[in-house]
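Inspection log for the structure reproduced underneath, given as structure tokens.
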Amino acid sequence: MFQDFERKFDAAQSAERIGRLRALLAERGIDGYVVPRADEHQGEYVPASAERLAYLTGFSGSAGLAVVLAKAAALFVDGRYTVQAAGQVDRRLLAVHEQPPRQYADWICEKLATGSRVGFDPWLTTLAEAERLAGVLEKKGIALKAIRGNLVDRVWGSERPAPPAGPVIVHPHKLAGRSSEDKIGDLQRRLAEAGEDAVVLTLPDSISWLFNIRGSDVAHNPVVLAFAVVPVRGRPTLFVDPDKLDAKARAH
């Protein structure tokens, strides 16, 4: 992970931002909200529009997670970032814990009463992690609720950067070594051998490799932010912002 340690957001603004987030939680009858350092693709690098954790807390590391409750808030990082986190966030607002050994699910159970509800954005959380968290909270009688629309984005408002819109570049065969048709055909043969009907692709690097495309949506990564579905037979479907496609990319 490349990191320049630039302070992208001032922690002095965290109090006001967390306060507005808490007001939204109260409106929705939610007792807590999970803010991971993640985007919809679960990549280590994220575009500026997905830097929600840094915007809210001031922490700019590549991995971490914050939990905001009505009366408490905490940032959980791994051992690489304990010193950095302590220096970047307002410790009067956010306790900083190393995870592991401290687990954010256990912290939530300690802070909230039975019958409480914790919200999360399902676009930013893997199914496995949502199921794991729900299982821990359920033992305390706390419900995990998927919230439509990211609440940090609502706090961020018009100041939030626009999603990246770099053009899709066709990666030439002389550099790719194999055509996208060949790669897709190989993938479909493997699907047939496995007895599967389709595969859903969410990782931009996998999609950019498969379709022989490149982009500039994420710093230090020549990838296109997109999703794809490849059926065992027939044409795959690429889900991408159409404004990123010029005539050459569309033809490809």
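Would you check if there is a residue in the range 40-57 being over 21 Å from residue 159 (Cα atoms), in contact with a helix residue (DSSP H, G or I) (Cβ under 6 Å, 6 or more places away or on another chain) and not polar (S, T, N, Q)? Within the range 40-57, one or more residues are over 21 Å from residue 159 (Cα atoms), in contact with a helix residue (DSSP H, G or I) (Cβ under 6 Å, 6 or more places away or on another chain) and not polar (S, T, N, Q).
When 94, 137 are checked against the criterion of being touching a strand residue (DSSP E or B) at 6+ places or on another chain (Cβ under 8 Å) and within 14 Å of residue 66 (Cβ to Cβ), a single residue qualifies: 94. Filtered by the rule that a residue be charged (D, E, K, R) and under 18 Å from the mean Cα position of the chain (by Cα), the range 50-107 gives 51, 52, 78.
Residues in the range 134-156 that are touching a residue at least 12 places away in the same chain (Cβ under 8 Å), more than 22 Å from residue 52 (Cα to Cα), open to solvent by 20 Å² or more (accessible area, probe 1.4 Å) and assigned to a helix (DSSP H, G or I): 136, 139. Here the condition is being without any contact (Cβ under 8 Å) to a residue 24 or more places away in the chain and open to solvent by 50 Å² or more (accessible area, probe 1.4 Å); of 44, 16, it holds for 16 alone. Taking the listed residues 54, 70, the one that is under 18 Å from residue 147 (Cα atoms), small (Gly, Ala, Ser) and either touching a Lys or Arg at 6+ places or on another chain (Cβ under 6 Å) or open to solvent by 10 Å² or more (accessible area, probe 1.4 Å) (or both) is 70, with no other qualifying. When the criteria are applied in full, residue 26 meets the requirement of being open to solvent by 40 Å² or more (accessible area, probe 1.4 Å) and in a helix (DSSP H, G or I). Where residues in the range 104-123 are open to solvent by less than 20 Å² (accessible area, probe 1.4 Å) and among the small types (Gly, Ala, Ser), which of them is farthest from residue 146 (Cα to Cα)? This residue is 105. Restricting attention to the range 93-114, the residues being closer than 18 Å to residue 14 by Cβ and either without any contact (Cβ under 8 Å) to a residue 60 or more places away in the chain or among the basic types (Lys, Arg) (or both) number 3. Residues that are within 19 Å of residue 20 (Cβ to Cβ) and not polar (S, T, N, Q) within the range 125-156 comprise 147, 148, 149, 151, 152, 153, 154, 155, 156, listed in sequence order. Residue check: is residue 62 at pLDDT below 95 and either open to solvent by less than 10 Å² (accessible area, probe 1.4 Å) or out of contact with any His (no Cβ under 8 Å at 6 or more places or on another chain) (or both)? In short, yes. In this structure, residue 131 qualifies as in a helix (DSSP H, G or I), at pLDDT 95 or above, among the acidic types (Asp, Glu) and open to solvent by 10 Å² or more (accessible area, probe 1.4 Å). So for the range 74-88 (the condition being assigned to a helix (DSSP H, G or I), farther than 22 Å from residue 107 by Cα and either open to solvent by less than 20 Å² (accessible area, probe 1.4 Å) or of a type in the set (Lys, Arg) (or both)), does at least one residue qualify? Taking every residue of the range 74-88 in turn, none turns out to be assigned to a helix (DSSP H, G or I), farther than 22 Å from residue 107 by Cα and either open to solvent by less than 20 Å² (accessible area, probe 1.4 Å) or of a type in the set (Lys, Arg) (or both). So in the range 157-178, with the set limited to residues that are without any contact (Cβ under 8 Å) to a residue 40 or more places away in the chain and aliphatic (A, V, I, L, M), which one is surrounded by the most Cβ atoms within 10 Å (Cβ to Cβ)? Taking the candidates together, the pick is 176.
The values are calculated or read from the model by the stated rules, or taken from the named source; none is laboratory data. Owing to the predicted nature of the structure, the values given are computational and were not obtained by experimental measurement. Note that we place each Cβ from the backbone using ideal geometry, even for glycine, and neighbour counts take in every protein chain shown. Protein only, heavy atoms only, side chains kept; ligands, DNA and RNA dropped before computing areas. Shrake-Rupley method; radii C 1.70, N 1.55, O 1.52, S 1.80 Å.
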